[in-house]
Amino acid sequence: MFIIAGLTVAITAKAQSDVQFSDFTRLKYYYNPGASGTDGLLNVAAAYSMQFVGFDDAPKTLYVGADIPVYFLNSHHGAGINLFSDDFGMFNQQKISIQYAYNFNISKKTKLAIGAQFGMMQEKIDPSGVELEDGSDPAFPSSQVEGNHADFGAGIYVFNPKFWGGISSLHLNAPTIILNERYEFNIERMYYLMGGCNIKLKNTFLSLQPSFMVMTDLDNWREDIQCRVNYEWNNKSMFIGAGYSPNVSATLLVGGNFHGVSLCYSYQMYTSGINLVNGTHELTLGYQANLDLFKKGRNKHKSVRFL
């Protein structure tokens, strides 16, 4: 996971601010604004991640987001909103963003979407409750300081019932957040490549769902591959899956979907330098429903007299 690299003597922090969620296939809208509204469903998702459990002041991350399809002027659009909060010791980051995507039909079942994201990002340092060896260290403020800055992102996304994929960039403007005259955060521009597919096994209720994600700031790289075995019947499903990130971690996932409500629990075990019990717990809760706003003829009814 990319985390704050640290404070330098010049009292400037360089932040690689994005969290790698284990259930990234359910939260693709967080990483790529082009995915908003593309599948034609209302999507609501919330995720809570506790990283490096067992360590004092370990990172804790909360994400809540939603996206919907919108149809007007004979066109398919998407809209979304993201809320994000990350606590790491004395550091806190909060973001709110809105998304827009325009969808093109490549074929009858395949769509290409181009999306943009605009938001505000806030960084805060609160030393209260944190014991420092040297309370006069100028690298840390003596009281709470905070600042905010506009934040932009963009992405391209392809969707088909059998596969999906996209490329995106967050923090395109690489904002520098000024906390006060002495402290600032430089936010790194981040790039993502994601994809996955759904492979139904013949004459069974089972399907394989492989996926991958690459995230980088062009200095540091992380690659994740994942595969789930999904069992589906009568609008209900259960899955178990595993993931691997070279030189970083291995992940186990389990969850299911019941009439549009999905739940996923995952545990990420780091493969070097950290005990297996000091991994990352993550819980994702989601809801999906058909919601075609402004779609022509969506509420048509026949008269019972002329059937």
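Rule-based calculations on the coordinates, nothing more; no lab input. Note that the structure is predicted; figures quoted are calculated from it, not measured. As a convention, Cβ positions derive from the backbone with ideal geometry for all residues, glycine included, and neighbour counts pool all protein chains shown.
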Computed helical MRE - 222 nm, the chain, DSSP H runs ≥ 4 contributing -39500 (n - 2.57), nearest 500: 0 deg cm²/dmol
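As a test, work out the antiparallel percent of DSSP beta bridges whose residues both lie in the chain, rounded to the nearest 5.
Working: 151 of 156 bridges.
That works out to approximately 95 percent antiparallel.
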In nm, spacing of pseudo-spin labels at residue 128 and residue 198 (7 Å Cα→C-beta vector): 4.9
Out-of-range pairs (alpha-carbon distance over 27 Å; input 60/109; 60/236; 95/200; 28/60; 95/236; 95/162): 60/109; 60/236; 95/200; 95/236; 95/162
Hz values of 3J(HN,Hα) by residue in the stretch 258-266 - Karplus curve (6.51, -1.76, 1.60), Gly and Pro given as x: 10, 6, x, 9, 10, 9, 9, 10, 9
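Using a Förster distance of 45 Å, how high is the FRET efficiency between residue 105 and residue 277, based on the Cβ-Cβ distance and rounded to 0.05? Mind showing how you got there, number by number?
Working: r = 49 Å, r/R0 = 1.10.
The pair residue 105/residue 277 has a calculated efficiency of 0.35.
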Net length gained if the chain between residue 114 and residue 64 were fully extended (0.36 nm per residue, minus Cα distance): 15.8 nm
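First select every other residue whose beta carbon is under 11 angstrom from the beta carbon of residue 243; then total the charges, Lys and Arg +1, Asp and Glu -1. Mind showing how you got there, number by number?
Values: positive: 228; negative: 23, 223, 224.
Summing Lys and Arg as +1 and Asp and Glu as -1 gives -2.
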